[in-house]
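Step one of this worksheet: look at the structure below.
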Amino acid sequence: MVFRTLSAVLLAASVAAFGAAAQDADAKFSLELNNAANTDTGGCRLTYVATNRSGQDLAKTDYQVGVFNAEGVVTRILVLGFGALTNGKTRIVLFDLGDQSCTDISRIIVNDVAECTLADGQPADFCLTGLVTSSRTEVQFGI
């Protein structure tokens, strides 16, 4: 009887912890490097998927990123603007690197938040602290 009670308590605690973890996982801002394709002009077109699951509407979201070549040397630092994102919104944004082939890019890192403004105009801090990054490409993408 004690074993069943203990098992039931442990199961309930596990379900509660899993539910809290799942809720925390949803309370994020995610950026996915979805595609990196060479353009006809020799540049690289980066396709990002941005999803706001922060629980708050964003008026403006910009990230400063560093681009590394195959040797690990930073070739540029630029700002990627994702614009306004209401809570629950996913947006696809394209960025062209006109003078750099995708094969010349080994990784891209989020260096800093250039701007993260809530719909009411107040700055928000979760754009970096709650950021989750991923890549579906050969190019590594992270923080």
How many residues does the stretch 119-143 hold that are out of contact with any Gly (no Cβ under 9 Å at 6 or more places or on another chain), surrounded by fewer than 16 Cβ atoms within 10 Å (Cβ to Cβ), in a strand (DSSP E or B) and touching a residue at least 24 places away in the same chain (Cβ under 8 Å)?
3
What are the residues in the stretch 59-94 that are β-branched (Val, Ile, Thr) and within 18 Å of Arg45 (Cβ to Cβ), if any?
Val65, Val67, Thr75, Val79, Ile92, Val93
Those residues of the stretch 58-68 which are out of contact with any Lys or Arg (no Cβ under 6 Å at 6 or more places or on another chain) and buried (at least 16 other Cβ atoms within 10 Å of the Cβ) amount to Leu58, Ala59, Lys60, Thr61, Asp62, Tyr63, Val65
Pairs only if they're at least six apart or on different chains, beta carbon under 7 angstrom, first in the stretch 77-103 and under 17 Å from Ala36 (Cα atoms) and modelled with pLDDT of 95 or more, second hydrophobic (A, V, I, L, M, F, W, C) and loosely packed, with under 13 Cβ neighbours inside 10 Å; list them, first residue then second.
Cys102/Ala37
Among the residues of the stretch 25-53 satisfying the criterion of being surrounded by 21 or more Cβ atoms within 10 Å (Cβ to Cβ) and either of a type in the set (Asp, Glu) or more than 16 Å from Ile108 (Cβ to Cβ) (or both), which is modelled with the highest pLDDT?
Asn52
Could you look through the stretch 69-92, keep only residues that are more than 16 Å from Val110 (Cβ to Cβ) and of a type in the set (Lys, Arg), and pick out the one that is surrounded by the fewest Cβ atoms within 10 Å (Cβ to Cβ)?
Lys89
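Is there a residue being in contact (Cβ under 8 Å) with a residue 40 or more places away in the chain and not in a strand (DSSP E or B) anywhere in the stretch 56-71?
yes
The values are calculated or read from the model by the stated rules, or taken from the named source; none is laboratory data. What you see is a predicted model, and the numbers here were worked out from it, not measured in a lab. Virtual Cβ from ideal backbone geometry, glycine too; neighbours counted across all protein chains shown.
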